[in-house]
Amino acid sequence: VMDTPFHRDITKELYTALRKQGIAPGVYYSPDDFYWLYKHNIPINRYVPNVQFNVNSGLLKYDQQQITELLTHYGPISMIFFDGDPRGLRELAWKLQPNIVVTRGGIETPEQNVPGSPLPGPWEANMTMGTSWQYQPQDTYKSVPELLDILIHTRARGGNLLLNVGPKPDGELPIEQEERLRQIGLWMFINSECIYNTRPWNITNENDVWFTQIPDKDANGKELKTSTLYAIVDRPWRRGTFTELVLQSVRTTAQSQVSVLGQNSKVFEYQQRADPTPTLKEQSDGLHVRAMRTQRLTDSGVYANPAVIRITHVEQAFIPPTATTLDPQANGGKYLLRGEWQNPGSKATVQVGFEYRTITGEDTNARTSRWQPLPLESVSTPGAFTRETEAFQPGQDYEVRTVVRHPLLTIYGNMVRVTVSPAASAK
């Protein structure tokens, strides 16, 4: 940057500005350094052998020198994201700044998609507001309800969300991005309690109600069997109207109380005779939760984004089914998809099946193709199930996952990669 007309250390200025606003700075770093490859007459590419450290003498040293500069010249760095082979770099990052969090390179970082079920250990979804990471004037953007769904589904599955913004050449955020950030900020001002420091409930959702929880603790900090549960209601709910939930995964205790985040549930503006007090009632079909939305977040009374009901000191009342995807078996030009499901918590009849998506040409972590469903079948006995398909094309790469559709929620199994032979018939 010192060889450009700007001629100042823009990294230092950026990190100073971030810290001034209370924002923890991080680093994105690509080990497959395009400038280094260009200077050494190596075709610029990603995730192929000829751009890796082991065949390019000097590339690792070059990367390590840059990481050392970034992590010693600019004060504490909170996180680092290695978009490529992290070996020899993440270890250096931890040595230079022991408290740094390594995201990609240290944990799972699915890109442009949210996994269908919680992943083991910490993970982070990396998503764009539109379709591009950098500013592009022709970009189209996700709506605020879509972005909030991404946030809610990520947290209900135990993940962190990295939501990208792309400044214009003058450093200003496009107005479309700013407006979305401000609307997300309004929602978080009311509902951040259900997002920060929470963990997944024993199921992610019951239909259009999504869950996070904070376990209760005793005086010594030991976790108890009860929790504060956040029921995120992702359905139309007009101000001044009641909604009633019937939750089958939740059991109340004598200490349980219910409220709606962002309101006191005692008054409804301009309607003194209205009684917006929320109620809880255990019945044979589940826990009935009745609440009125009284927040005046818009003058029209219509607010399209989810409201959050908080229920304290609750216990789990349901053990969800589990789903496992097994390796498919090739049979000529067809594939036999295989899965298993177990149902320890109820005797409900479920629908089972499979979904697949193409990943040909995708980045190692990115997934932009939609899941394609195969027909489901109804079963009542847990165990193995299969389906034969001819949907896979020669020379293509796919991912497959099992689907178990329970009356309360849809459960997805682990993803299995399928590489189809280029030959006309799979081998």
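Structure above, values below:
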{"quantity": "Long-range HN-HN contacts of ASP9 with modeled amide H, under 5 Å", "calculated": "none"}
{"quantity": "Label corresponding to Cα extents along the principal axes in Å when calculated from the structure given, among [x] 68, 51, 49; [y] 159, 55, 46; [z] 75, 62, 49", "calculated": "[z]"}
{"quantity": "Fully extended contour minus Cα-Cα distance, from GLN396 to TRP94, at 0.36 nm per residue", "calculated": "104.9 nm"}
{"quantity": "Mean separation of Cα contacts under 8 Å, 6 or more apart, over the residue count of the chain: relative contact order %", "calculated": "10 percent"}
{"quantity": "Stretchable slack from SER284 to HIS7, in nm (0.36 nm times residue separation minus alpha-carbon distance)", "calculated": "92.6 nm"}
{"quantity": "Rounded to whole Hz, the Karplus (6.51, -1.76, 1.60) HN-Hα couplings of the range 215-226, x for glycine and proline", "calculated": "x, 6, 10, 7, 4, 8, x, 7, 6, 9, 7, 9"}
{"quantity": "Listed residue pairs exceeding 31 Å between alpha carbons, taken from LYS20/LYS217; LYS12/LYS39; LYS142/LYS225; LYS222/LYS266; LYS20/LYS95; LYS142/LYS334", "calculated": "LYS20/LYS217; LYS142/LYS225; LYS222/LYS266; LYS142/LYS334"}
{"quantity": "Pair ASN197, THR16: separation of 7 Å Cα→Cβ label points (nm)", "calculated": "3.4 nm"}
{"quantity": "Full-stretch length increase - THR360, THR72 - with 0.36 nm per residue and alpha-carbon distance subtracted", "calculated": "99.7 nm"}
{"quantity": "Estimated vicinal HN-Hα couplings, Hz - the range 303-309 in sequence order (Karplus 6.51, -1.76, 1.60; Gly, Pro = x)", "calculated": "10, 7, 8, x, 9, 10, 9"}
{"quantity": "Estimated distance in nm for a label pair at TRP133 and LEU119, the labels positioned 7 Å out from Cα along Cα-to-Cβ", "calculated": "1.6 nm"}
{"quantity": "Computed magnitude of the charge dipole of the range 18-148 (debye, nearest 20; Cβ of K, R +1, Cβ of D, E -1)", "calculated": "320 debye"}
{"quantity": "DSSP beta bridges in the chain [antiparallel fraction, %, rounded to 5]", "calculated": "80 percent"}
{"quantity": "Student exercise, the range 330-427 dipole from Lys, Arg, Asp, Glu Cβ charges, in Debye to nearest 20", "calculated": "160 debye"}
{"quantity": "Interchain or long-range residues, amide H under 5 Å from GLY333's placed H", "calculated": "ALA426"}
{"quantity": "Dipole of the chain [Lys/Arg +1, Asp/Glu -1 at C-beta], most positive-end residue of ILE10, ILE411, ILE359", "calculated": "ILE411"}
{"quantity": "The range 241-313-the range 324-347 distance, computed between alpha-carbon centres (Å)", "calculated": "41 Å"}
{"quantity": "Inter-centroid distance (Cα atoms) of the range 82-145 relative to the range 383-415, Å", "calculated": "26 Å"}
{"quantity": "DSSP loop GluC sites (Glu not before Pro) with at most 15 other Cβ within 10 Å excluded, longest remaining stretch of the chain", "calculated": "1-171"}
{"quantity": "Cβ-Cβ FRET estimate between ASP218 and THR277, R0 fixed at 35 Å, reported to 0.05", "calculated": "0.70"}
{"quantity": "Lys/Arg +1, Asp/Glu -1 at C-beta; the range 223-331 dipole; positive extreme among SER227, THR325, VAL308", "calculated": "VAL308"}
{"quantity": "For the range 1-84, fraction of C-alpha pairs farther apart than 15 Å, in %", "calculated": "65 percent"}
{"quantity": "Protection-proxy order for peptides 26-32, 253-259, each taking the mean of Cβ atoms within 10 Å per residue, highest first", "calculated": "26-32, 253-259"}
{"quantity": "Hz values of 3J(HN,Hα) by residue in the range 244-257 - Karplus curve (6.51, -1.76, 1.60), Gly and Pro given as x", "calculated": "10, 9, 10, 9, 9, 9, 10, 10, 7, 10, 5, 8, 5, 9"}
{"quantity": "Dipole of the chain, positive direction: furthest Cα of SER369, ILE23, LEU70, with charges on the beta-carbon", "calculated": "ILE23"}
{"quantity": "FRET efficiency for ASP208 and VAL165, using Cβ-Cβ distance with R0 set to 22 Å, rounded to 0.05", "calculated": "0.20"}
{"quantity": "Interchain or long-range residues, amide H under 5 Å from GLU282's placed H", "calculated": "HIS288"}
{"quantity": "Mean ellipticity per residue at 222 nm, deg cm²/dmol - from DSSP H runs of n ≥ 4 across the chain, formula -39500 (n - 2.57)", "calculated": "-5000 deg cm²/dmol"}
{"quantity": "Nearest-20 debye value, the chain charge dipole, Cβ charges on Lys, Arg, Asp, Glu", "calculated": "760 debye"}
{"quantity": "Backbone N under 20 Å from the LEU261 label point (7 Å along Cα→Cβ), restricted to the range 154-193", "calculated": "154-164, 180-193"}
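Every number in this text was worked out from the coordinates using simple rules, so none of it is lab data. Computed from a predicted model, the values in this text were never measured in an experiment. Reconstructed Cβ throughout: ideal geometry from the backbone, glycine too, with neighbour counts over all protein chains shown.
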